[in-house]
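Have a look at the structure below, then the notes.
What follows draws every value from the coordinates through simple rules; no lab data is involved. Note that the structure is a prediction, hence the values are computed from the model and not measured. Cβ placement follows ideal geometry from the backbone for every residue including glycine, while neighbour counts extend to all protein chains displayed.
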Amino acid sequence: MNLLESQTAFITTLIKEHAPQDTLQLGLGNLDLTLSVCQALNQLDNAALTLITPSLSQHSSFLKEMNKLKIGMLSDLVELIRTPADEVLPDFYFQNRTIDLAIINENEAFDQALVAFYYVDKMLVSKGTVIINDADSPVMKKLCRYLVTEREYTLQRTLESTKKGPVVSRLLRKQFNRAPEIIKNTVKTFINSELLISDEDLGLECSMVALTKRAEEGEIDMDFDTLLESIINE
């Protein structure tokens with residue numbers, strides 16, 4: 001199975017499992033992969049995809065391919081928007097839109113990705129899913145680390161990456177782990193955390209990752225059967 005086939009299987013399996021009604025995708029990414037997303041969502045009743053293509057070339061490429069396929073998904077399934085995500089998402093948020101699934105493709109600038117995700121996080125339902133493509137690229141890797149370490153997102157599933165971290169970083173972590181605790185505590189105050197906690201330690205050494213949003217405060221994080229059993233046992 002090649003990379004595209006693996007990515008397609010990864011993302012379509014998640015769509016089948018979660019059956020999202022409202023999906024938001026930032027960036028066109030790989031055209032064939034995006035078309036696979038459309039086809040998977042098209043199998044669900046009342047599913048909708050909002051696809052934000054920030055450039056004219058992405059917008060035109062998608063329209064051309066959809067017209068070529070002539071399968072009617074564009075008007076029935078996809079809301080296509082040619083505006084940068086960090087400009088249009090604030091409007092979505094203030095319109096009280098919610099999403100069940102977000103798919104984020106690589107962004108050239110971390111600050112733009114972070115601003116976009118700020119609003120994605122607000123609109124994503126409790127325990128909703130975020131799929132991050134190109135998770136082993138510098139910008140998306142930073143975003144993944146931020147979500148896991150700062151926003152309390154949890155790993156749901158990963159697709160293995162062939163890329164490995166720099167040798168120097170691995171050697172530094174190896175020496176650090178051998179050091180006495182007092183030295184470790186001192187080092188932690190001025191050393192970049194990425195040198196001390198690797199992507200592998202966080203489970204993020206991957207090319208694609210699915211993360212689960214934390215449960216909202218006050219929400220009971222258990223399925224119905226477990227909840228019912230806990231009530232009966234009280």
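Annotations
- Built amide H within the under 5 Å cut-off of Gln156, gap 5+: Ala210, Leu211, Thr212
- Residue (of Asn107, Ile131, Thr83) at the positive-pole extreme of the range 82-151, dipole from beta-carbon charges: Ile131
- The residues Leu28, Leu101, when put in order of fewest to most other Cβ atoms within 10 Å, stand as Leu28, Leu101.
- Scoring 32-40, 53-61 by mean Cβ neighbours within 10 Å over their residues and listing the highest first yields 32-40, 53-61.
- Three-way shape label, the range 111-162, alpha-carbon gyration tensor, a/c 1.5: oblate
- Cα gyration tensor category, rounded, prolate or oblate, for the range 1-41 with a/c compared to 1.5: oblate
- Annotation: amide H-H contacts under 5 Å for Gly128 (H modelled 1.01 Å from N, sequence separation of 5 or more, or interchain): Lys213.
- Whether the range 1-127 is rounded, prolate or oblate, judged on the alpha carbon gyration tensor where a/c under 1.5 counts as rounded: rounded
- Checked against a 24 Å cut-off, the cross-linked pairs Lys142/Lys213; Lys16/Lys213; Lys64/Lys213 give Cα-Cα distances beyond that limit for Lys64/Lys213.
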